[in-house]
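The values are calculated or read from the model by the stated rules, or taken from the named source; none is laboratory data. Owing to the predicted nature of the structure, the values given are computational and were not obtained by experimental measurement. Quick reminder, even Gly has a Cβ in these numbers, built from the backbone with ideal geometry, and neighbours come from all protein chains shown. Heads up: the accessible areas ignore ligands, DNA and RNA and are worked out on the full protein's heavy atoms, side chains in. Shrake-Rupley method; radii C 1.70, N 1.55, O 1.52, S 1.80 Å.
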Amino acid sequence: MPSPQTSPKSSVIQALRGIVPAGQDQDIVSLNLVQRVDLSTADGGETGAPTTAVIEATLPPALAAQRETLRKQIAEAVAKVGAGADVRFSMQLSGGGSAPQQNQAGQTGAGSAGFDASGSNNPLPDVKHVVAVGAGKGGVGKSTVAVNLAVGLARNGKKVGLLDGDIYGPSIPTMLGTDRYEVRASGKTLIPFELHGVRAMTLGALVEDDKPLIWRGPMAHGALKQLITQTDWGPLDYLIVDLPPGTGDVPLTLAQTLPLTGAVVVCTPQKVAQDDARRAIAMFNQLRIEVLGLIENMSYFIGDDGKEYDLFGRGGAEMLATQTGIPYLGGVPINTDLRKNGDAGDPTANFTKNDQLAGDLQNMVKAFEQQVSVVAMQQNAPTLTIS
Ligand code: ADP
């Protein structure tokens, strides 16, 4: 996929993307091991040829033995773009938890969302990974990605929950087909819907379809918190949370209520969409929610003639990923079946009735799972710096 490189830093990151540690099927950038790339350039500015690159990378215990090989590979890759490399590694020690820290959302604890490492302030201790799906603006396919991610993970044998956090315009009832069923409760506890292998809860099930959902901030906060804590999720490998578009209160509520492994940002390929995605990334950074990766939706279009049409400038999200150092988790094409199956509440059909679509979705799910496991490994390990 073409992704024109403009800055020397992009060239270095691109070169590092060619390094895949033995035993892994992703490169060191996608594995989120590269923490810092700093360049000195010939003209001291953004555009001159790089002369020295300081690369800081974190190595999990499983890769510790490859330290010198990786150092050599990094130096060689950086030399190819014309610079000398100063490579520094941080090693992670397995086990234990990192020191509690205060985050912007006001909680203390370890990990991206800053929760107590002992789990004592976690209302859903039986959920291994909470991952938010966000987008800078509406209509880019955020809910579509959230639903298909959840269904794909469930099809891979994982226990998955899907929380419709898009409380202002819930799409999950239509896309997952929950709108055909009544919500059930046991006392004060909501029983999640179980559809397409996924446990789902949505505010859309609790309100009338045609009433606009107008929430004041505190009401929205309370409603979301109740959906999270009063639903009987049971043990889950993943709880996927579909956030409202943009940068409102809901992500803050989520960060204050649950420890998140991270978030994925969905964007379409156009330049303007990248600007919106940057705002979403900045919001997650501010909330200290790790951005696990970028997903490009409506990446390209396959015509009836079987040809691929590049309508919006395919590769835009991948380029944004390169520029920001955030892993790219794959692209989903514009596909009529995806829209039809979304409208019909039948996401399983995306995985069973169209091989090309199923392949793209499965690749996205696989990249997502790998990224979650790497980030979780990093969040759970204290770091010891050894250069
Ligand atoms: P968002 O959550 O970002 O507002 P949605 O996921 O609700 O966006 O998608 C908006 C509409 O676009 C839906 O009708 C959905 O089925 C359709 N759509 C999303 N992604 C695709 C795609 N890749 N191909 C075809 N239709 C899509």
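Side notes on the structure shown:
- The range 215-280 and the range 290-321 have their alpha-carbon centroids 23 Å apart.
- Here the peptides 146-154, 316-324 are ranked by packing, the mean other Cβ count within 10 Å, and the order with the highest first is 146-154, 316-324.
- One chain, two ends: Gln14 and Asp355. Fully extended at 0.36 nm per residue, the span grows by 119.7 nm beyond their Cα-Cα distance.
- Charge tally in the Cβ shell below 13 Å around Asp346, where Lys, Arg are +1 and Asp, Glu are -1, Asp346 excluded: +1
- Each label was represented as a point 7 Å from its Cα along the Cα-to-Cβ direction; for Asp25 and Lys188 these points are 4.6 nm apart.
- The fraction of accessible area contributed by carbon and sulfur in the range 123-189 is 45 percent, rounded to a whole number (1.4 Å probe; ligands and nucleic acids excluded).
- Kirkwood analysis of the range 127-378, using all unique Cα-Cα pairs, places the hydrodynamic radius at 18.0 Å.
- Remark on Thr52: its backbone amide H falls under 5 Å from those of Ser40, Gly84, a criterion applied only to residues 5 or more positions apart or on other chains, H modelled at 1.01 Å from N.
- Anisotropy class of the range 152-275 from Cα gyration tensor, a/c 1.5 cut: rounded
- Cα centroids of the range 338-357 and the range 166-204: 19 Å apart.
- Annotation for Thr52 and Arg36: the two label points, set 7 Å from Cα along the Cα-Cβ direction, are 1.4 nm apart.
- Rounded, prolate or oblate (a/c below 1.5 giving rounded, otherwise prolate when a/b exceeds b/c) for the range 225-272 by Cα gyration tensor: prolate
- Segment Gln362..Ala62, full-extension length gain: 105.4 nm, with 0.36 nm per residue of separation and the alpha-carbon distance subtracted.
- Within the range 162-194, chymotrypsin sites (Phe, Trp or Tyr not before Pro) in DSSP loop having at most 13 other beta-carbon neighbours inside 10 Å: Tyr181
- Whole-Hz ³J(HN,Hα) from phi, Karplus 6.51 cos²θ - 1.76 cosθ + 1.60, for the range 255-266, glycine and proline x: 5, 7, 9, 9, x, 9, 6, x, 9, 10, 10, 9
- Shape category assigned to the range 238-371 from the gyration tensor of Cα positions, a/c cut at 1.5: prolate
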